[in-house]
Amino acid sequence: GENVEQHPSTLSVQEGDSAVIKCTYSDSASNYFPWYKQELGKRPQLIIDIRSNVGEKKDQRIAVTLNKTAKHFSLHITETQPEDSAVYFCAASKSGAGSYQLTFGKGTKLSVIP
Amino acid sequence: GAGVSQSPSNKVTEKGKDVELRCDPISGHTALYWYRQRLGQGLEFLIYFQGNSAPDKSGLPSDRFSAERTGESVSTLTIQRTQQEDSAVYLCASSDQRWGTGQPQHFGDGTRLSIL
């Protein structure tokens, strides 16, 4: 089955700096890669996703890049703010044969220091 | 519109008791997922429904765990003879998989289960 590795497990940045979280996946058939943000005690919230036919996607201060050849994808947050502090999870899934389950990375705890 | 709703939000029970957790997905969402999240950990896949069928039960930790979905809507996750290691937040998510490609999964607030 799919295996998703996520690094780093913790990340501290100064407010205004950029943060980068990286994930690798094992199944070359995976074609959908969402990122979730989970604040303490809250539900995971989708913040951005990318499909395998696209190399990069941006939404304001958040961007995701995908390298299918290397089987890795990254989340980039620019101009970080204290409210960006949370745990971020990457995930991967593939379509076909009704198999849409997400395999999650173990998460990155991001702390933005004011 | 309404999001994914889970009940109860918290459940405390004694070891050995059975518990039933409920999930109401977003209306019209064809797929429903259950995950388990232990304190400070990631999301562990348990089971997935497409319509009322569960094509993938591979994540259920033991035969004490079962789940069903009816009317292509509500799902219940049942844990029999609960053990302390079952203590976790159980998250439900749903997605619209009519289009045959991966779609965003929308999560509920979860049920926090504590086994004494």
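Structure notes:
- Gained length - A:Ala29 relative to A:Gln81, 0.36 nm times residue gap less alpha-carbon distance: 15.2 nm
- Sequence-distant residues sharing a close amide H with B:Gly102 (under 5 Å, placed H): A:Ser95
- Excluding ligands, DNA and RNA, the accessible surface per residue across chain B is 47 Å² with a 1.4 Å probe.
- Spatially proximal lysines relative to B:Lys57 (Cα-Cα < 23 Å; intrachain offsets below 8 disregarded): A:Lys94, A:Lys106, B:Lys17
- One decimal place: the segment A:Leu40-A:Lys106 gains 22.2 nm when fully extended, by the rule 0.36 nm per residue minus the C-alpha distance.
- With a 10 Å cut-off around each Cβ of A:32-39, the average count of Cβ atoms from other chains is 2.
- Residues whose amide H falls under 5 Å from that of A:Gly107, counting only those 5 or more places apart or on a different chain, are A:Cys90, with hydrogens built in the peptide plane.
- Comparing chain B with the 2.2 N^0.38 Å rule of thumb, its C-alpha radius of gyration ratio is 1.01 (two decimals).
- Average other protein chain Cβ within 10 Å of Cβ, residues A:105-112: 1
- Given +1 at the Cβ of Lys and Arg, -1 at the Cβ of Asp and Glu and no other charges, the dipole of chain B around its Cα centre is 180 debye to the nearest 20.
- Computed over chain B: relative contact order in percent, which uses C-alpha pairs under 8 Å that are six or more apart: 37 percent
- On full extension, the segment bounded by A:Ala70 and A:Asn53 gains 4.7 nm, given 0.36 nm per residue less the C-alpha separation.
- The range B:82-116-the range B:49-72 distance, computed between alpha-carbon centres (Å): 12 Å
- Normalised by residue number, the volume inside the convex hull of the Cα atoms of the range A:18-114 is 96 Å³ per residue.
- Applying a threshold of 25 Å to the alpha-carbon distances of A:Lys42/A:Lys68; A:Lys109/B:Lys15; A:Lys37/A:Lys68; A:Lys71/A:Lys109 flags A:Lys42/A:Lys68; A:Lys109/B:Lys15 as lying beyond it.
- Relative pair counts by distance (%), Cα atoms of the protein assembly as shown, 5 Å bins: 1, 7, 14, 18, 18, 16, 12, 8, 4, 1, 0
- The trypsin sites (Lys or Arg not before Pro) found in the range B:49-108 that occupy coil by DSSP, while having at most 16 further C-beta atoms within 10 Å, are B:Lys57, B:Arg64, B:Arg81, B:Arg98.
- Straight Cα distances below 12 angstrom link A:Lys57 to the aspartates and glutamates A:Asp49, with same-chain residues fewer than 8 positions distant left out.
The values are calculated or read from the model by the stated rules, or taken from the named source; none is laboratory data. Just so it is clear, the model here is predicted, and its values are computed rather than measured. Cβ: placed from backbone, ideal geometry, glycine included. Neighbour counts: every protein chain shown. Keep in mind that these areas ignore ligands, DNA and RNA; they rest on the heavy atoms of the full protein, side chains included. Shrake-Rupley method; radii C 1.70, N 1.55, O 1.52, S 1.80 Å.
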